[in-house]
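The values are calculated or read from the model by the stated rules, or taken from the named source; none is laboratory data. Please read these numbers as outputs of a predicted model, since none were measured by experiment. Glycine gets a Cβ as well: all are built from the backbone with ideal geometry, and neighbour counts include every protein chain shown. The accessibility values were calculated without ligands, DNA or RNA, using every heavy atom of the protein model including side chains. Shrake-Rupley method; radii C 1.70, N 1.55, O 1.52, S 1.80 Å.
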Amino acid sequence: MILKSKLKYAASLMLTVLLTAGTASAASLTGESRDALHQLTAQNRAAAKVSSRARAVLVFPNVVKAGFMVGAQEGTGILFVHGHPNGRYRTVAASYGFQAGVQKYGYALFFMNQKAVDWINNTRGWEIGTGPSVVLVDKGMARSFTSDTLHSGIYAFTFDQRGLMAGLGVQGSKITRID
């Protein structure tokens, strides 16, 4: 009975956090996304290398993840093709298991070839891990990253993590174009 009430509380807390995260206007979201991408590439040499070769970049500057046993995350972002905004997208995910906390972070997906760009443009909604291979570049991999190691269609970088939440990943995130 106590567990059931905690789960209900956790679900209402997650909904409150995610709904109050708000959706930014297209112009402010574009500015936030562009600023986040500039900050990421300025602070992460591997991201800068990947960015210089990418055909497109999908940037989610503020993703909110909340959970207690059951978790959810949500965020909106902008797809940039050759530096120009080319659509707004939403990322959502749900999870369950031992987890507790609230966290905000951002992530960027770098599309390295035309096949990957065509795939995102022709798919209404997709889940990371079900289409072209996505390589999550963590701090350890970023240290040994060179232009010779670029072999994947899509690279993912997380950044600007704030808050406390066990476990962070983009695998299983559903991404949908919203305009």
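Residues are listed down the side, and each one gets a yes or a no for (1) at pLDDT below 95; (2) over 21 Å from Phe159 (Cβ atoms); (3) assigned to a strand (DSSP E or B):
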residue: Lys4; (1), (2), (3): yes, yes, no
residue: Leu7; (1), (2), (3): yes, yes, no
residue: Thr16; (1), (2), (3): yes, yes, no
residue: Val64; (1), (2), (3): yes, no, yes
residue: Pro85; (1), (2), (3): no, no, yes
residue: Thr91; (1), (2), (3): yes, no, yes
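Going by the conditions given, is Ala56 touching an Asp or Glu at 6+ places or on another chain (Cβ under 8 Å), of a type in the set (A, V, I, L, M) and either in contact (Cβ under 8 Å) with a residue 40 or more places away in the chain or over 17 Å from Phe110 (Cβ atoms) (or both)?
No: the conditions fail for Ala56.
Pull up region 52-70, narrow it to residues that are over 16 Å from the mean Cα position of the chain (by Cα) and either acidic (Asp, Glu) or farther than 18 Å from Asn122 by Cβ (or both), then point me to the one that is least open to solvent (accessible area, probe 1.4 Å).
Per the criteria, the residue is Gly67.
Within region 42-67, work out how many residues are hydroxyl-bearing (Ser, Thr, Tyr) and touching a helix residue (DSSP H, G or I) at 6+ places or on another chain (Cβ under 7 Å).
1
Do we find that Ala142 is among the hydrophobic types (A, V, I, L, M, F, W, C), buried (at least 16 other Cβ atoms within 10 Å of the Cβ) and either touching a helix residue (DSSP H, G or I) at 6+ places or on another chain (Cβ under 7 Å) or modelled with pLDDT of 85 or more (or both) in this structure?
Numbers: among the hydrophobic types (A, V, I, L, M, F, W, C): yes; buried (at least 16 other Cβ atoms within 10 Å of the Cβ): no; either touching a helix residue (DSSP H, G or I) at 6+ places or on another chain (Cβ under 7 Å) or modelled with pLDDT of 85 or more (or both): yes.
In short, no.
Looking only at region 156-176, decide whether some residue is within 12 Å of the chain's Cα centre (by Cα), modelled with pLDDT under 75 and among the hydrophobic types (A, V, I, L, M, F, W, C).
yes
With the structure loaded, tell me whether Val117 is part of a strand (DSSP E or B), at pLDDT 75 or above, open to solvent by less than 70 Å² (accessible area, probe 1.4 Å) and under 19 Å from Lys174 (Cα atoms) or whether it fails that test.
The answer is no for Val117.
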